[in-house]
Structures are given as C-alpha cells and as structure tokens.
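Chemist: I am attaching a structure below and will ask some questions about it afterwards.
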C-alpha cells in the first residue's frame with residue numbers, strides 16, 4: 001500500500017478545465033500538445049510516474065489561476081499513435097494541496113505539493129452507509145433524461161458505492177467549478193450529497209427555462 005512518505009514533494013501539473021480525477025478512479029487522456037508530450041516522457045522516467053490533474057480557475061480581470069487542490073494519478077497505461085500523439089490512462093492515487101509552483105527548465109508547469117490532508121485517499125475503498133440508491137437513481141434518471149443522455153441501469157444498480165458516485169462525478173457534464181466542489185468533498189458521503197445538490201440544481205434550472 002502506498003504511504004504519504006512515498007509520494008514526491010514536487011510533481012508535474014496538467015491544468016485541464018472540467019477534467020476530474022478522483023482517488024482509485026481511472027482517467028483516460030489524449031495528449032497532443034508538445035509541452036505535455038514532454039511531460040509524459042519525463043513522467044515515465046520517474047519511480048512514481050505521477051501527474052497532477054488540477055483545475056485552472058478564472059479570477060477578476062480575466063486571468064487564470066490554479067485551484068488550491070488537485071488529484072495526482074499514476075500513469076498506468078500508455079500508447080503512441082502513428083502521428084506522435086499519446087493515449088494514456090491515469091489511476092487516481094491521492095489529492096494534494098498546492099504549496100507553490102516551481103520554476104524550472106520544463107515547458108510544462110510543476111509544483112511543490114502537500115499530501116498531509118488526504119491520508120484517506122490512500123486507504124481502502126470508501127462506502128456510503130447512508131446511501132439511498134433507489135432515490136439517487138430516480139433523480140439521476142430525471143437528470144439524464146433532461147440532458148438527453150442514457151446509461152446502463154443494471155450496472156448502476158450493481159456498482160459499488162464509490163465506483164458509482166465517483167464515476168458519475170467524473171463523467172456527468174458539470175461545470176468546472178462543480179467538478180472542483182466534488183473533488184474537494186472530504187468523504188464519499190459528502191461527495192454524493194454534493195452531486196445530488198448539483199443534479200437537483202440543474203433540474204430546477206431546466207424547469208425554469210421551460211416556464212420562461
């Protein structure tokens with residue numbers, strides 16, 4: 001089992017709006033920008049093969065800054081296309097808190113990070129004892145219908161709590177700031193509650209639009 005002491009103090013960063021990685025989840029990525037191609041190549045040479053996914057956020061004046069919290073994934077799958085692009089998969093390891101960006105000679109961004117607040121991420125799969133799956137799937141069904149989306153309901157009924165909640169958090173078409181709220185939820189239960197709140201908000205907004 002990975003321990004906090006095993007994690008590096010400095011990691012490469014991949015700021016990607018709307019892309020959410022959570023611990024113990026998988027995130028496939030298509031890499032084509034030269035600076036991130038270099039990042040992947042450098043990552044493969046390191047013992048931990050970690051890349052930190054982090055949300056850029058808009059601030060007054062139109063500038064962009066990095067969010068305070070991101071999630072690092074271990075590069076566990078890699079393939080190269082004929083035209084030099086990379087298809088990779090990151091396996092979520094742990095969230096981190098940004099300490100400061102590190103200046104250096106790489107074309108991509110790097111940062112010093114701390115893992116101290118996220119020991120839970122390195123533990124066992126989380127459960128959600130208060131999870132009312134039937135009620136959750138009912139509101140999810142209304143949301144998917146509103147969005148014109150479909151799903152495999154049998155898989156939804158049988159999936160483990162963490163796999164279901166985290167997969168939906170990553171895959172549903174939510175705003176970047178909503179994805180960040182899901183990332184920062186301290187437990188699986190609070191992530192599920194946040195997700196339901198976001199879904200219900202979207203449904204109310206859709207209803208308002210119809211009335212107007």
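Chemist: Check the stretch 16-38 and report whether any residue there is at positive phi and in contact (Cβ under 8 Å) with a residue 12 or more places away in the chain.
Modeler: Narrowing the stretch 16-38 to residues at positive phi: 18, 24.
Still in the running and in contact (Cβ under 8 Å) with a residue 12 or more places away in the chain: 18, 24.
Checked the stretch 16-38: at least one residue is at positive phi and in contact (Cβ under 8 Å) with a residue 12 or more places away in the chain.
Chemist: Further question on the same structure: Does the stretch 79-87 contain any residue that is within 18 Å of the chain's Cα centre (by Cα), in a strand (DSSP E or B), at pLDDT 95 or above and within 24 Å of residue 3 (Cα to Cα)?
Modeler: Of all residues in the stretch 79-87, those within 18 Å of the chain's Cα centre (by Cα) come to 87.
Next cut, in a strand (DSSP E or B) only: 87.
When the remaining residues are screened for being at pLDDT 95 or above, the result is 87.
Among the residues that remain, those that are also within 24 Å of residue 3 (Cα to Cα) are: none.
No: the stretch 79-87 contains no residue that is within 18 Å of the chain's Cα centre (by Cα), in a strand (DSSP E or B), at pLDDT 95 or above and within 24 Å of residue 3 (Cα to Cα).
Chemist: Does the stretch 111-138 hold any residues that are farther than 19 Å from residue 162 by Cβ and assigned by TED's automatic domain parsing to the domain that holds residue 161, and which are they?
Modeler: 138, the sole residue that qualifies.
Chemist: Residue 2: in contact (Cβ under 8 Å) with a residue 24 or more places away in the chain and in contact with a helix residue (DSSP H, G or I) (Cβ under 7 Å, 6 or more places away or on another chain), yes or no? Step through it out loud before you land on a result.
Modeler: On the way: in contact (Cβ under 8 Å) with a residue 24 or more places away in the chain: yes; in contact with a helix residue (DSSP H, G or I) (Cβ under 7 Å, 6 or more places away or on another chain): yes.
Yes, satisfied.
Chemist: Additional query: How about the stretch 173-200: which of its residues are out of contact with any helix residue (DSSP H, G or I) (no Cβ under 8 Å at 6 or more places or on another chain) and within 13 Å of residue 136 (Cβ to Cβ)?
Modeler: Residues satisfying the conditions are 189, 193, 197.
Chemist: Just to be sure, is residue 113 in contact (Cβ under 8 Å) with a residue 60 or more places away in the chain, within 25 Å of residue 70 (Cβ to Cβ) and crowded, with 17+ Cβ neighbours inside 10 Å? Quick ask: steps written out before the conclusion?
Modeler: Numbers: in contact (Cβ under 8 Å) with a residue 60 or more places away in the chain: yes; within 25 Å of residue 70 (Cβ to Cβ): yes; crowded, with 17+ Cβ neighbours inside 10 Å: yes.
For residue 113, the condition - in contact (Cβ under 8 Å) with a residue 60 or more places away in the chain, within 25 Å of residue 70 (Cβ to Cβ) and crowded, with 17+ Cβ neighbours inside 10 Å - is met.
The values are calculated or read from the model by the stated rules, or taken from the named source; none is laboratory data. Computed from a predicted model, the values in this text were never measured in an experiment. In this analysis, Cβ positions are derived from the backbone assuming ideal geometry, glycine residues included, and neighbour counts consider all displayed protein chains.
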